[in-house]
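Okay, structure first, notes after.
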Amino acid sequence: MNKKQRIVFLAGTGIIVLMGLIPPWYFHRTGDYPDSPGYYGFIFATPYEIGNAIDVTRLFIQWAVVAIATAAIMWVLKDLKR
């Protein structure tokens, strides 16, 4: 792994960690209100309403997009040794 690839890898890893620390939340509504995606909030400051949870599906999709983009950029930046 060359220096540029290492920088891209560390940046991608850092973004994934930040996404885990500030995940998307899912709001479960009662009554006539439909469930809805919520805001992004710090993992240790959970919303106080009952039924709120981390939107795991959206978080995994975000992680996958960052991982694929990081891998693609690292592949483009590989050394071409012949």
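The values are calculated or read from the model by the stated rules, or taken from the named source; none is laboratory data. Bear in mind that the values here come from a model prediction, so they are computed numbers and not experimental data. For neighbour counting, all protein chains shown are included, and Cβ atoms are generated from backbone atoms with ideal geometry for every residue, glycine included.
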What's the total number of residues in segment 43-82 that are modelled with pLDDT of 90 or more, farther than 20 Å from GLY14 by Cβ and surrounded by fewer than 11 Cβ atoms within 10 Å (Cβ to Cβ)?
0
Total residues in segment 1-34, condition within 23 Å of MET74 (Cβ to Cβ) and not in a helix (DSSP H, G or I):
2
Would you be able to say whether some residue in segment 35-42 is assigned to a loop (DSSP other than H, G, I, E, B) and modelled with pLDDT under 85?
yes
